[in-house]
Each structure stands twice: as structure tokens, then as C-alpha cells.
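Okay, structure first, notes after.
Read-outs: derived from the displayed coordinates by stated rules, not from any lab. These numbers were taken from a predicted model, which means no experiment stands behind them. Neighbour counts are summed over all protein chains in view; Cβ atoms, including those assigned to glycine, are modelled from backbone coordinates with ideal geometry.
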Amino acid sequence: MNYHDPVRIEAFGQVAEVTPTGAEPVSWSIKGRPMLWRPDPAVWPCVSPILFPIVGRAAGGAIRVGGRSYPMDVHGFAAGSRFELIKHSTAGARLALASSKATRELFPFAFRLEATYRLDGDGLLASFTVGNPGPDVLPYALGLHPGFRWPFAGETRQGHRIVFDEAERARVPVITTDGLFAAESRPIPLRGRVLKLDDALMSREALCFLDARSRSLRFEAPDGAAIVVEVENFRHLALWSRPPAPFLSIEAWTGHGDPDGFAGDLADKPSMTLLEAGDEARHTMRWRFEPAR
């Protein structure tokens with residue numbers, strides 16, 4: 001397989017492609033209908049990047065471990081790393097990224113990250129396993145950042161909405177100009193479980209629902225068609241776009257960006273997962289399409 005060739009899987013009227021670079025799902029279609037946006041380098045060059053070993057921005061573009069600083073780009077380095085294809089079948093693929101000399105220059109920990117994608121009768125299941133083969137505690141954050149087409153049904157962006165499965169707080173953190181999480185929050189027009197989407201709402205920073213109650217949400221079109229996103233073992237949810245670009249990212253995170261003013265060790269950063277030596281953790285995200293009734 002060529003380094004740049006996507007891995008194709010197909011089942012139940014669905015087709016998906018995953019690139020070896022970043023183990024990123026770059027297409028997902030159902031009966032010929034594309035659900036993920038086509039990337040535009042002038043707007044956002046990604047489709048569904050994996051975020052690891054951090055989510056969001058590190059203050060000053062660096063993490064600190066044991067009194068030493070290590071450069072770290074926004075959302076970490078997994079999205080730009082080459083994953084090894086471990087298994088490939090008609091309906092599924094598993095890819096893996098392991099720590100190396102190159103990763104230790106940025107992140108001084110042993111790790112193994114596996115991403116498994118499988119098509120079944122309920123949609124596309126993305127499963128992530130983080131393993132700690134080293135002797136020390138592994139601090140990490142993981143996220144998936146899919147950009148769905150907006151609109152994914154019909155011809156207009158108007159009238160789309162998010163419906164959470166639980167009522168969420170109608171305030172989100174303010175994100176600083178440096179991309180850090182401020183102590184302040186701001187209101188959003190969330191009414192119980194329903195958030196009506198428009199360009200004005202999405203024109204600022206991401207809407208971050210920290211410690212979200214919901215384990216699923218519906219991205220609904222005016223005709224009732226919906227992309228349903230279900231998560232397991234992800235603490236936080238986020239919505240992000242760059243209007244008028246035709247996409248909406250529905251993100252799931254285990255951690256989040258640095259709080260404004262944070263200058264501590266990575267292991268002390270709020271919302272990091274601390275994985276003991278020899279342990280593994282699993283996180284899943286499912287995408288499902290429901291046509292209009």
C-alpha cells in the first residue's frame with residue numbers, strides 16, 4: 001500500500017476511506033450520499049483528524065514534563081503521523097501508532113494508539129485503544145474531530161439543529177485569542193436539549209460542552225434526517241465550524257486545551273487521563289444516519 005493511498009472499507013450500503021497518515025477517516029457515504037465534507041486547504045485542510053496526545057492548545061506551544069519543555073502543536077502529533085495498517089477486511093480496518101525516537105522528542109512517554117473502523121448495520125464505529133507499554137504513568141488526551149457536511153440533506157444550511165440526549169448547560173467556556181480556556185463562560189441559545197444552528201452562533205470559537213451529560217446527539221436537517229453521533233468514554237463534546245464553509249465538526253474529547261495561565265506539568269493539567277503502566281483504555285464514537293421519515 002502506498003503511503004498516501006486510503007484504505008477502503010465497504011458494507012451495508014456504506015463506503016468509507018481512511019488514510020494511513022493520521023488514521024483519518026476522509027470519506028463516509030451511505031448509498032452514494034457523502035456525509036463528510038471535502039477538505040479545502042484555504043479553510044480547513046482536514047476531515048476527521050485524531051487528536052492525540054493532547055486535545056486543544058498547550059500554552060506557549062509546549063508541554064512540560066519533569067521540569068523540561070517539549071514542543072507540541074495544537075491537538076498533538078497523531079494527525080500528521082504515519083500509522084501502520086495492522087488489519088484490513090472488507091468492512092473494517094485497524095491501524096496503529098507506537099512511540100518512537102521521533103515521538104519521544106515531543107512526548108517523552110511510551111504509548112501505543114490503535115484506531116479501528118468498522119461498518120455495520122448501525123453505521124460507522126470508530127474505536128480507539130490507548131496502551132501504556134512503559135514503566136511510567138502515561139498522561140494523555142484523545143479526541144476525534146469529524147467534519148460533517150452542512151447541509152448533509154437538502155440545499156440550505158438554515159434550519160439545522162443539534163438535539164442532545166440530555167439537557168446541557170447553556171453556557172460554554174470563553175476561549176482566549178491564544179486558544180486557551182478562560183475561567184469565564186458565555187451564554188449560548190441552548191433550550192434544554194435543542195440548539196438551533198446558524199452562522200452567527202458558529203462564527204466564534206468552538207462551543208465546548210465540558211463534562212457533558214449526553215452520550216449521543218442528533219445533527220438534524222429541517223426534513224428530519226439526522227446524523228446521530230454516539231460516544232463512550234469521552235468526557236467532553238464540542239461543536240466547531242468556519243462559516244460559511246459547509247461543514248460542522250461534532251467532536252468528542254477525553255481532555256481539553258490548557259486553562260489560561262496554566263504552567264504546570266502535563267500530568268497535572270485538568271482533564272488528562274493518567275494510564276498506569278501496562279494498562280489500556282478504550283474510547284468509541286459511532287456515526288449513524290437516519291433518513292427523513
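How far apart, in nanometres, would the label points at ALA263 and ASP73 be if each is projected 7 angstrom from Cα along the Cα-to-Cβ direction?
2.7 nm
Using a cut-off of under 15 Å, list every residue of segment 260-293 whose amide N is near the label point 7 Å from the Cα of LEU85 along the Cα-to-beta-carbon line.
The answer is none.
Exposure proxy check: THR177, THR116 ranked by fewest other beta carbons within 10 Å?
Placing the least packed residue first, the sequence is THR177, THR116.
Per DSSP H run of at least 4 residues, take -39500 (n - 2.57); add these up for the chain, divide by its residues and hand me the 222 nm value, nearest 500 deg cm²/dmol.
Counting only the DSSP helices, I get -500 deg cm²/dmol.
Any idea how far the Cα center of segment 39-62 sits from the one of segment 230-293, in Å?
Using only Cα atoms, the two centres lie 12 Å from each other.
Between LYS101 and ASP199, what length comes free when the chain is fully extended (0.36 nm per residue of separation minus the Cα-Cα distance, one decimal in nm)?
In short, 30.9 nm is gained.
What pairs in LYS31/LYS87; LYS87/LYS269; LYS87/LYS196 have C-alpha atoms more than 31 Å from each other?
Beyond 31 Å: LYS87/LYS269; LYS87/LYS196.
How big is segment 7-290 on each of its three principal axes, counting only the C-alpha atoms and giving the largest first in Å?
Principal axes ranked by extent give 54, 47, 35 Å for the Cα atoms.
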